[in-house]
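Notes follow once the structure below has been shown.
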């Protein structure tokens, strides 16, 4: 009887252990299924947010009509801040002086240069009455150097509209000033231009140009929808009175960068902002030649975004986060669940809209982008933003890169 008892007890023990094992497996599988479902819902929501964004941008550019630019051209003060940019100025200034515009001046701010910039500008001002030089030999401790130089240049401007660019930029045509000034309509106080980077061989150059076109599509598209939030100082115009009435850059004097996008973010509205698109409105800029230099430059640009208006910070955060999740959600298609088809359709819809918008927007800007490069560049962008975004978010001091 004892043996039988032990046998039955053993069988009972084995049976109990087997059931507990099955129960643990069932709980694990159920938890795994719930995790996959939650992951799918999260990814599908992110891709849906992207679809909404790209639909809005598609609507903005699809409804954009060519502006009536038949008004009288406004006089313009073109301002260039230069630090050790002698060679670039020797290439840029002849292009500016050859501009087909009836009334403009070129103000170059020599910002503490150590090369031959001063001597070159001194000679040029004696040869061309349109050229004016402002020399900065010392910068006050409480203000960023670029902002101080730009402030002096704007104060020295003769005309009511100032048009900003950089020494390493090149106008796309001899009608750049005329094309930009044609958007200075009554009631407008700012005009947002686009500045693509020059096309060169290599993956880095393709990615830089893609990131620039993506940014330009965002800020011009949202401006077309009545919500301007930034501009680029390589191609930006505004009224001198707007600058002086708002005490210039006083809200962010010590911030490295932000002399363009933060100023626009503070003062641009749906009614006072013009969007200048077209081949003649472009200025091209020299791109960075190493990933390290490009990364530093973008961290500085992204760091300024922490000081945008709250609505724009949330809007850009939603776009960037949903973009990253959308790309990383490609890996969830490898997981065993029954919703691959739905997620795949959402991803295809997002990609189709992206290609359509970037192709249309870049064409309207006058700088068509190779749309077939978008899919793989977008994946690289997600990884780049995953690193650069947090670095910019925690950075208290960023380095100025020219």
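Every number in this text was worked out from the coordinates using simple rules, so none of it is lab data. On a predicted model such as this, the values are computed, not experimentally measured, just so you know. As a convention, Cβ positions derive from the backbone with ideal geometry for all residues, glycine included, and neighbour counts pool all protein chains shown.
List of remarks:
- If both residues of a DSSP beta bridge must be in the chain, then about 30% of such bridges are antiparallel.
- Acute angle (nearest 10 degrees) that the helix 145-155 long axis makes with the longest principal axis of the chain, alpha-carbon atoms: 40 degrees
- Sequence-separation-based contact order of the chain, relative, with Cα cut under 8 Å and 6+ spacing, percent: 21 percent
- Distance (nanometres) between label positions extended 7 Å along Cα→Cβ at residue 333 and residue 123: 6.0 nm
- Of 335, 356, 377, the one that fluctuates the most in a GNM where the chain has Cα springs shorter than 10 Å: 335
- Residue 55 versus residue 387: modelled label distance in nm, points set 7 Å from Cα along the beta carbon direction: 3.5 nm
- On Cα atoms only, tilt of 340-365 relative to the major axis of the chain in degrees: 0 degrees
- Largest GNM mean-square fluctuation among 237, 129, 388, using the chain with Cα springs under 10 Å: 129.
- Stokes-Einstein D in µm²/s, Kirkwood radius over Cα pairs - the range 85-216 at 25 °C with 0.890 mPa s viscosity: 147 µm²/s
- Mean residue ellipticity, 222 nm, helices only, the chain: the sum of -39500 (n - 2.57) across DSSP H runs of n ≥ 4, divided by residue count and rounded to 500, is -18500 deg cm²/dmol.
- Separation of the range 79-126 and the range 178-241, taken as the distance between their Cα centroids, equals 23 angstrom.
- Here the residues 141, 111, 168, ranked from fewest to most Cβ neighbours within 10 Å of their Cβ, fall in the order 141, 168, 111.
- Remark: the Cα gyration tensor places the range 215-258 in the prolate category, a/c being 1.5 or greater and a/b exceeding b/c.
- Angstrom value of the Kirkwood radius, inverse mean 1/r, which spans all Cα pairs in the range 287-370: 16.0 Å
- For the range 76-306, the share of alpha carbon pairs falling in successive 10 Å distance bins from zero is 8, 33, 40, 18, 1 percent.
- Its relative contact order, with pairs defined as Cα atoms under 8 Å and 6+ residues apart, puts the range 118-216 at 12 percent.
- Entry for the range 263-326 at q = 0.15, 0.16, 0.19 Å⁻¹: log10 I(q)/I(0) = -0.79, -0.89, -1.12, Debye formula applied to identical alpha-carbon scatterers, no solvent contribution.
- Per principal axis, descending, Cα span of the chain in whole Å: 121, 46, 41
- Cα pair distances exceeding 12 angstrom across the range 236-276, given as percent: 61 percent
- For the Cα trace of the range 210-331, dividing Rg by the Kirkwood Rh returns an Rg/Rh value of 0.97.
- Taking all Cα-Cα distances within the range 170-249, those exceeding 18 Å account for 52%.
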